[in-house]
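Let me begin by presenting the structure, written as structure tokens, before commenting on it.
Here, each number is a calculation from the coordinates, and none is a lab measurement. In this text the structure is predicted, and so the values were computed from the model without any measurement. With ideal geometry, Cβ positions are generated from the backbone for all residues, glycine too; neighbour counts draw on all protein chains shown.
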Amino acid sequence: MAHSARGKIHSMAETMFKQIRQAITSLNPEEVRAAAERPVHIALIASTSQGYAEMEDFLLPGNISHDKRMEAMNTLHRVGDIGTPHNFDLEIYEEGLPRPEPGFTFNPRDPGRTVSEILIVRDDLGLALARYYPAFRKAVSHHLVKTVSKENALFSLATALPNVLPSAVTLPWALGEFASDTAFLTTNQIRMAFLMAAASDRAVGYRNQKSEIASIIASAFGWRALARELAGKIPFGGGLLPKAAIAYAGTYVVGSSIERYYRIGYGYSRSERKAMFGDAYEKGRRVAGALLEHVKRREGTTVEPRTSA
């Protein structure tokens with residue numbers, strides 16, 4: 001019996017990893033690289049040299065390399081200087097100066113607020129801004145982790161509900177037909193790793209991120225087993241919320257550890273990941289519960305779950 005059980009587990013693992021290998025062929029790290037390397041021309045508008053220096057020092061702190069500074073300076077312009085282009089992607093004004101729309105005001109006492117305001121309006125520039133300007137990296141990376149965690153929670157829940165995907169959930173990339181939830185969730189985590197590497201000004205691609213990708217794939221079977229165990233113990237579809245919460249929390253822990261690794265050179269310890277998982281799990285339950293309520297209201301009826309792989 002034990003030999004038969006081990007064989008079944010081995011077969012399931014082989015099938016799952018084969019599905020993941022097939023699924024990740026839909027990812028194109030070149031697209032991520034191109035988005036991150038897009039030049040973002042920023043106009044700085046100030047009334048004094050000190051005003052210009054404050055904004056430049058915030059965007060390009062002294063601890064970045066000379067080569068990186070020179071690369072970024074090609075896209076950072078003091079308005080009025082010789083050779084300044086006529087069109088810009090962003091305009092940042094010294095505090096106290098009139099600021100026409102769609103410009104942004106630099107707040108020297110709370111520069112993080114300026115970063116947040118820019119990313120809310122120009123989310124499309126987030127990846128490139130983070131690559132060129134360290135001031136944007138933490139905010140962009142955290143946004144990526146939250147966004148992909150939510151995508152995985154919604155996907156995990158929606159695939160168990162009839163007629164919900166893709167009508168209730170819009171995901172940002174072509175999915176095709178995935179053989180299992182696990183294949184999608186794992187592939188989306190690898191996509192997240194590509195995006196976070198780009199935002200951290202790291203090399204992007206399967207070869208460059210092989211250790212991160214190996215870790216993501218290795219943990220996939222554990223998340224899947226835990227989700228199925230919880231879903232099976234709770235009757236009448238109640239297990240859907242724990243399953244989706246695990247998809248959220250697992251992705252959040254993976255992404256947060258990658259962010260820390262890219263930022264300071266090492267990820268979270270086992271105990272830190274465990275504590276983080278507990279907090280993220282509760283957040284994932286709220287995300288999944290909100291989606292389920294939305295679907296029920298839209299359909300005007302009870303939503304019955306279906307079994308998923």
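At a 10 angstrom cut-off on C-beta neighbours, averaged per residue, how do the peptides 202-212, 120-130 rank from highest to lowest?
Per-residue mean Cβ counts within 10 Å order the peptides as 120-130, 202-212.
Considering the zone a paramagnetic label at Ile120 would reach in this model (a point 7 Å from Cα along the Cα-to-Cβ line), which residues of segment 141-157 have amide N under 15 Å from it?
So the set is empty, nothing qualifies.
For segment 25-33, just list the computed ³J(HN,Hα) in residue order, Karplus coefficients 6.51, -1.76 and 1.60, θ = phi - 60°, integers in Hz, with x standing in for Gly and Pro.
5, 7, 8, 10, x, 4, 5, 5, 4
Any idea what the dipole of segment 42-121 comes to, in debye rounded to 20, about its Cα centre with Lys/Arg Cβ at +1 and Asp/Glu Cβ at -1?
Charge dipole of segment 42-121: 60 debye, to the nearest 20.
For segment 42-121, what does the alpha-carbon gyration tensor say about shape, rounded, prolate or oblate, given a ≥ b ≥ c as the root eigenvalues, a/c under 1.5 as rounded, and a/b over b/c as prolate?
Because its axes are fairly even, with a/c under 1.5, segment 42-121 counts as rounded.
Going by how many other Cβ atoms sit within 10 Å of their own, how do Tyr52, Tyr133 line up, fewest first?
With the fewest neighbours first, Tyr52, Tyr133 line up as Tyr52, Tyr133.
How many nm separate the modelled label positions at Thr105 and Met73, each set 7 Å beyond the Cα in the direction of the Cβ?
Inter-label distance under the simple model: 3.0 nm.
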